[in-house]
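> Questions regarding the structure given below will be posed in turn.
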Amino acid sequence: MSTILDIEKIRSQFPTLHKTVNGKPLIYFDNGATSQTPQCVIDRLKTYYEDENSNIHRGVHTLSQEATAAYEDSRRKLQEYLNASREEEVLFTKGTTDAINLVANGFSRSILKSGDEILISSMEHHSNIVPWQMACDYTGAILRVIPINDEGEILFEEYQKLLSTKTKLVAITHVSNTLGTINPIKEMIHAAHQINIPVLIDGAQSIPHMKVDVQELDCEFYAFSGHKMFGPTGIGVLYGKYEWLEQLPPYQGGGDMIKNVSFERTTYNDLPHKFEAGTPNIAGGIGLGAAVDYLNTLDWKNIQIHENLLLDYATEHINNIDGIQIIGQAQRKAGVLSFVHQKAHHYDLGTLLDQLGVAVRTGHHCTEPLMHRFNVTGTTRASFALYNTKEEIDIFIDALKRALKMLL
Amino acid sequence: MGNRNVEEELIEDFDLFDDWADKYEYLISLGKDLPSMNEEKKIEDNIVKGCQSQVWLTAEAKDGNVFFEADSDAIITKGIIALLVKVFNGQPAGDIVNNNLSFIDQIGLKDHLSPNRSNGLVAMIKKMKAYALVLNKA
Ligand SMILES: Cc1ncc(COP(=O)(O)O)c(C=O)c1O
């Protein structure tokens, strides 16, 4: 399986992957939380601070102009990468959470009325639940939840039944961070558009695993985080269709987002600056551009084959262990393997796996309602990235067996 | 101060093990040996907040000394709380409140029991001391 990609070459670009923890070579299976960073991104951040550090959009001096050019260049790279039709449709945010809050805030203040409905699914991350609850509290709108089946797949017919003229937005995750389910978002967007309902996609978990084309999807909003796609932390993107971003009021007030300010009246800047108040994460934005450059060097077709093989291989071996149940058995999955054991608690497993050099995530994964749906308090989650290998899965499975032996 | 004998015994016990796995196995066995709590005591008021696993804790005073009962759904966590119960049980409330628990550093699990690990250790100690304070006043 490793013949389709030169994994050694890919791994050699990620310094953290060569660390040891607790005296053992690190096996990093917490990519769903944060991915590791390739040298080219680290170098780009370093160059920014060594060579270009200055404020953007404001200075007439050379350094400021160079930094502005680099930052805006990143925006164009993202536009191209997402196939957005205009660069003004790419807003820099702190991350997915910030991007969703931006939209929720705008909807609260300009669109939602008492009795309107927002539609989300049972498998949303807290950051695609709580901002909508806040919007509902503020406006009297109602949050409706699309149910899922025991495999962790959206019940499409139920979704269609929930769509109505009261629905003002559908906000749904592309890939579930807990179950790994890839949702049929294209069909869901299409169904919503039949009655002119806009759709926001939480792309935090999809961007690292697949190429996304926002025009092909035709979604109104697409949100994601840099730190899950081999980029820096504290930076992310909200893609929004131009006419929608035009229509929404600004999120935060301050410098950069204005045209003119007087005490009587302020006029707002054009897109994208209207939504980018204050000095942004300049280094992060430029570093995210470097991450896009990195993604552009990859052979996506083979990466998907490689990742699917990893997931199948891990699933098969986990299934052979007594007492383990996989949570999330959708037909189409990406990157995530969540499981519970009849007797061993996820906290115990995570603690012992860490001692054995394997980093996994344990707990509710910021999806508490989903935990209730499956009647568990938490799971152990291994989440893979393109640089993981079958050999690492072998070590993980052995470590898991050893941990279980210690615990039971 | 505090239950020096028990603390020293624990330090000696853990000293017998060189590697982390043996230390953890010992901690796990302490967890398994700690009697389970009655289901009706596992109520919201007795939950220790701030742990990834569920931890329940109750306390009562007998002749001026405090006795704890504790449980957890995770066995390592239960081992950690068993350590604390061993050290604190039967002690006067004042001693419990003032114990700085330096033995934790000496059993060679310092890294494992560090407050950053979200193991709830800090929350457990806080709740035990809070119970002791209340019982002391009562
Ligand atoms: C599906 C999903 N949505 C949203 C988020 C929030 O991302 P961030 O914390 O980068 O804002 C995450 C991250 O864990 C996620 O997995």
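The values are calculated or read from the model by the stated rules, or taken from the named source; none is laboratory data. Keep in mind the model is a prediction, meaning the values are calculated, not measured. Note that each Cβ is placed from the backbone with ideal geometry, even for glycine, and that neighbours are counted across all protein chains shown.
> Test A:PHE339 against the stated conditions and say whether it is assigned to a strand (DSSP E or B), among the hydrophobic types (A, V, I, L, M, F, W, C) and either at positive phi or modelled with pLDDT of 95 or more (or both).
Considered against the rule, which asks whether it is assigned to a strand (DSSP E or B), among the hydrophobic types (A, V, I, L, M, F, W, C) and either at positive phi or modelled with pLDDT of 95 or more (or both), A:PHE339 comes out as yes.
> Restrict the check to region A:112-131 and report whether at least one residue is touching a residue at least 12 places away in the same chain (Cβ under 8 Å), basic (Lys, Arg) and closer than 18 Å to A:LYS274 by Cβ.
no
> Looking only at residues in region B:1-33 that are outside any helix (DSSP H, G or I) and surrounded by fewer than 18 Cβ atoms within 10 Å (Cβ to Cβ), which one is nearest to the other protein chains (Cβ to nearest Cβ)?
B:ASP19
> Another one. If you take the residues in region A:233-244 that are surrounded by 23 or more Cβ atoms within 10 Å (Cβ to Cβ) and more than 10 Å from the ligand (Cβ to nearest atom), which one is farthest from A:GLU89 (Cα to Cα)?
Among those that are surrounded by 23 or more Cβ atoms within 10 Å (Cβ to Cβ) and more than 10 Å from the ligand (Cβ to nearest atom), it is A:VAL237.
> Here's another thing I want to ask about it. On the basis of being more than 14 Å from chain B (Cβ to nearest Cβ) and away from the ligand (no atom under 12 Å from the Cβ), does A:ALA223 make the cut?
no
> Filter the helices (runs of 4 or more DSSP H) completely within region B:42-135 down to those with at least 3 residues that are under 24 Å from B:GLU9 (Cβ atoms) and within 14 Å of chain A (Cβ to nearest Cβ).
B:75-88
> Hey, can you tell me all the residues within region A:372-385 that are in contact (Cβ under 8 Å) with a residue 12 or more places away in the chain and either within 14 Å of chain B (Cβ to nearest Cβ) or surrounded by fewer than 24 Cβ atoms within 10 Å (Cβ to Cβ) (or both)?
If the condition is that a residue be in contact (Cβ under 8 Å) with a residue 12 or more places away in the chain and either within 14 Å of chain B (Cβ to nearest Cβ) or surrounded by fewer than 24 Cβ atoms within 10 Å (Cβ to Cβ) (or both), then A:ARG373, A:PHE374, A:VAL376, A:THR377, A:GLY378, A:THR379, A:THR380, A:ARG381 are the ones that fit.
> Additional query: Would you mind finding the one in A:GLU66, A:GLU50, A:GLU80, A:GLU89 that is modelled with pLDDT of 95 or more and either touching a strand residue (DSSP E or B) at 6+ places or on another chain (Cβ under 6 Å) or surrounded by 16 or more Cβ atoms within 10 Å (Cβ to Cβ) (or both)?
Unique residue meeting the criteria: A:GLU89.
> Based on what the data block shows, is A:ALA403 part of a helix (DSSP H, G or I), more than 19 Å from the chain's Cα centre (by Cα) and either within 11 Å of chain B (Cβ to nearest Cβ) or among the hydroxyl-bearing types (Ser, Thr, Tyr) (or both)?
Here the answer is yes, as A:ALA403 does meet what is asked.
> Would you check which residues across region A:360-393 are under 30 Å from A:SER12 (Cβ atoms) and acidic (Asp, Glu) and list them?
Those that are under 30 Å from A:SER12 (Cβ atoms) and acidic (Asp, Glu): A:GLU391, A:GLU392.
> Name the one entry in A:TYR81, A:TYR49 that is in a helix (DSSP H, G or I), of a type outside the set (Asp, Glu) and under 25 Å from A:LEU298 (Cα atoms).
A:TYR81
> Next up: Out of region A:99-153, which residues are under 16 Å from A:HIS372 (Cβ atoms) and among the polar types (S, T, N, Q)?
A:SER121, A:SER122, A:GLN133, A:ASN149
> Evaluate the following for A:HIS364: is it within 14 Å of chain B (Cβ to nearest Cβ) and surrounded by fewer than 24 Cβ atoms within 10 Å (Cβ to Cβ)? Please lay out each step first, then the result.
Working: within 14 Å of chain B (Cβ to nearest Cβ): yes; surrounded by fewer than 24 Cβ atoms within 10 Å (Cβ to Cβ): yes.
Taking the combined requirement at face value, the residue satisfies it.
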